[in-house]
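Working notes, beginning with the structure itself.
The values are calculated or read from the model by the stated rules, or taken from the named source; none is laboratory data. These numbers were taken from a predicted model, which means no experiment stands behind them. Here Cβ is always computed from backbone atoms with ideal geometry, including for glycine, and neighbour counts include all displayed protein chains.
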Amino acid sequence: MKADRLISSALLLGLLLSGCSQPQPQQQRGSQLPEVEVAQIQSQPLALTNELPGRTVDYRQAEIRPQVSGILQQRLFEEGQHVEQGQLLYQIDPASYQATLNSAEARQASAEAVLHNARLKADRFAGLLKSNSVSQQEYDDANAALMQAEAELAIARADVQSASINLQYTGIRAPISGQIGRSAVTEGALLTANQQQGLATIRQLDPIYVDLTQSASELRNLRHQLQRGDVSDPAQADVSLTLEDGSVYQHRGKLKFSEVNVDPSTAMVTLRAVFPNTEGDLLPGMFVRAQVALGTDPNAILVPQAAVAYTPKGEASVLLVDNDNKVVKKIIQVGEARDQHWRVKGGLEAGDRVIVKGLQKVRPGAEVKVTTAQSASQGG
């Protein structure tokens with residue numbers, strides 16, 4: 001009996017153990033998978049911009065110098081004021097130049113009288129030659145005297161014109177409109193024609209230039225994109241300015257040209273933009289930063305910055321979810337930042353699903369449960 005009870009107990013224990021080893025009802029598979037949020041990549045037109053350092057430059061500049069010599073009698077402007085083209089700035093003593101003009105005019109009058117007499121004589125001899133009252137030689141001499149008188153009158157008139165110009169040059173006028181700086185001379189100074197020292201400088205500041213510098217490689221890449229049709233033509237592109245204090249300049253400018261050569265010391269080229277400056281906020285020599293519109297990429301791809309990680313080699317990478325809902329790591333090339341996104345230059349295509357949340361819970365090759373986030377294309 002005791003042996004029977006032992007056998008029964010052993011059988012019962014075996015049944016219990018076998019019951020415990022049976023597999024439990026499996027939970028739903030999806031509930032065990034890590035959940036991630038993805039953004040589906042879409043292409044879109046994107047205005048391309050580039051931020052470049054620059055410096056403001058006068059639109060036009062004229063250094064005032066005398067064109068005749070003499071004693072300065074008057075300075076007829078206030079330093080720092082706006083002057084108009086043709087405005088009288090300095091007056092040189094005109095007395096000697098007026099006397100020279102008077103003398104030249106007198107010589108012109110004398111030459112005119114000589115010419116009048118020579119013309120009358122030549123006309124008279126022409127009539128007498130027909131009746132053989134004068135010889136051919138006498139007629140030729142009269143014609144030669146007439147031509148010489150005409151030449152003398154032309155010289156006299158040129159002398160009058162030269163003297164008149166020199167007299168006008170005693171009044172030194174503004175060649176351009178703009179803001180005039182300080183005067184380097186005062187009344188009583190002896191001025192010399194075309195002297196090395198300038199009297200003052202006029203700067204036209206409305207509009208005003210901004211010279212920007214860009215690396216030759218970036219300009220070359222842009223030209224290649226233009227040739228391929230990847231971006232639209234940036235000719236006459238809009239430019240905005242950020243001033244030294246961080247404020248944004250209220251007016252927008254236009255890009256005008258770029259240098260055809262590269263500075264060998266810096267490997268940079270110069271871009272020039274022109275801005276309105278009606279309020280006079282921009283002064284020559286100011287450092288600024290310009291945002292230049294470089295055209296439009298019709299098929300730009302943006303990826304959220306939160307989705308981008310960097311490898312130990314410094315390469316940008318993202319985690320994608322493929323059609324089997326498995327995680328795939330991909331190396332990408334990123335460009336400039338746009339809000340909370342990076343512009344992707346290579347490595348992603350429209351339709352790719354990039355993981356933006358739950359990155360810490362997954363590894364490449366893992367199967368995941370997917371929820372959809374806002375489209376990455378809306379970050380631009």
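Annotations for the structure displayed:
- Residues of region 121-146 satisfying the condition of being loosely packed, with under 13 Cβ neighbours inside 10 Å and closer than 20 Å to Gln108 by Cα: Ala144
- The residues of region 331-345 that are within 11 Å of Gln305 (Cβ to Cβ) and of a type in the set (A, V, I, L, M, F, W, C), listed by number, are Val334, Ala337, Trp342.
- The residues on offer are Ser217, Ser183, and the sole one that is surrounded by 13 or more Cβ atoms within 10 Å (Cβ to Cβ) and hydroxyl-bearing (Ser, Thr, Tyr) is Ser183.
- Here Glu84 passes the criteria (1) in contact with a Ser or Thr (Cβ under 9 Å, 6 or more places away or on another chain); (2) surrounded by 14 or more Cβ atoms within 10 Å (Cβ to Cβ); (3) over 30 Å from Gln291 (Cα atoms) except the one numbered (2).
- Residue in region 252-266 that is surrounded by fewer than 16 Cβ atoms within 10 Å (Cβ to Cβ), among the charged types (D, E, K, R), in contact (Cβ under 8 Å) with a residue 60 or more places away in the chain and under 30 Å from Ser43 (Cα atoms) present: no
- Gln340 vs. criteria at pLDDT 85 or above and touching a Lys or Arg at 6+ places or on another chain (Cβ under 7 Å): no
- Being over 30 Å from Gly188 (Cβ atoms) and not in a loop (DSSP other than H, G, I, E, B) is a property that does not hold for Ala104.
- Residue check, Leu101 over 30 Å from Leu212 (Cα atoms), touching a Leu at 6+ places or on another chain (Cβ under 8 Å), in contact (Cβ under 8 Å) with a residue 60 or more places away in the chain and surrounded by fewer than 14 Cβ atoms within 10 Å (Cβ to Cβ): no
- Ile155 of a type in the set (A, V, I, L, M, F, W, C), under 30 Å from Arg124 (Cα atoms) and in a helix (DSSP H, G or I): yes
- Residue list for region 257-283, restricted to those being assigned to a strand (DSSP E or B) and touching a Leu at 6+ places or on another chain (Cβ under 8 Å): Phe257, Ser258, Val269, Thr270, Leu271, Arg272, Ala273, Phe275
- Test: Ala113 is at pLDDT 90 or above and exposed (fewer than 13 other Cβ atoms within 10 Å of the Cβ): yes
- Identity of the residue in region 336-350, touching a residue at least 60 places away in the same chain (Cβ under 8 Å) and among the charged types (D, E, K, R), that ends up surrounded by the most Cβ atoms within 10 Å (Cβ to Cβ): Arg343
- One residue stands out in region 284-322 among those that are assigned to a strand (DSSP E or B) and of a type in the set (D, E, K, R): the one that is surrounded by the fewest Cβ atoms within 10 Å (Cβ to Cβ), namely Arg289.
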